[in-house]
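In what follows, a single structure is set out as structure tokens and then discussed.
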Amino acid sequence: MIITSPAKMEQFGRQLGAELKGGEVIELVGDIGAGKTTLTRGLAQGLGIKDNITSPSFTINCNYRGRNGLTLHHYDFYRLSDAGIIADELAETIRDHHAITVIEWGDSIKSVLPAEHITIKINHRADQGREVEIHKIGQA
């Protein structure tokens with residue numbers, strides 16, 4: 001799909017967040033400024049989260065409480081070439097059926113990703129819009 005503005009990226013995230021039930025793992029792939037955190041902000045809104053969502057570039061992860069006991073765990077591995085001990089925390093979070101796990105810059109933790117997860121690729125377009133591809137990995 002083509003998304004033409006940050007507001008529409010956020011709206012897409014809200015729609016996606018409203019559909020999530022818990023246990024989902026979402027890997028976001030895209031260059032700096034592609035809209036990964038904007039998408040996550042909308043996703044959080046769809047989960048009923050009122051907190052200000054920012055990129056966890058320096059803190060590595062942020063956790064938020066959403067509707068019906070769901071939690072959003074937002075990871076950003078941009079600054080890590082090796083996830084180290086954070087990979088253990090991530091593996092535990094992924095097993096939580098009440099958690100939605102969003103991962104930015106996940107190359108260093110590919111081995112921790114479950115066989116079934118969602119990958120959303122966001123690519124810049126020449127017209128300043130974004131092309132968004134959604135792939136359900138490991139699912140029929």
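The values are calculated or read from the model by the stated rules, or taken from the named source; none is laboratory data. Keep in mind it's a predicted model, so treat the numbers as computed, not measured. All Cβ positions, even for glycine, are placed from backbone atoms using ideal geometry, and neighbour counts span all protein chains on display. What goes into the accessible areas is simple: the full protein's heavy atoms, side chains included, and nothing from ligands, DNA or RNA. Shrake-Rupley method; radii C 1.70, N 1.55, O 1.52, S 1.80 Å.
Assorted remarks:
- For residue 115, the conditions (1) open to solvent by 70 Å² or more (accessible area, probe 1.4 Å); (2) out of contact with any strand residue (DSSP E or B) (no Cβ under 9 Å at 6 or more places or on another chain) all hold with the exception of (2).
- Scanning region 100-110 finds one or more residues that are in a strand (DSSP E or B), under 20 Å from residue 33 (Cβ atoms) and modelled with pLDDT of 95 or more.
- For residue 131: the one exception among (1) over 25 Å from residue 49 (Cβ atoms); (2) not in a strand (DSSP E or B): (2)
- Out of 90, 70, sole residue that is at pLDDT 95 or above and either over 13 Å from the mean Cα position of the chain (by Cα) or farther than 24 Å from residue 7 by Cα (or both): 70
- In region 45-59, the residue that is nearest to residue 123 (Cα to Cα) out of those that are open to solvent by 30 Å² or more (accessible area, probe 1.4 Å) and in a loop (DSSP other than H, G, I, E, B) is 55.
- Only one entry of 23, 42 meets the criterion of being of a type in the set (Gly, Ala, Ser) and surrounded by 17 or more Cβ atoms within 10 Å (Cβ to Cβ), and that entry is 42.
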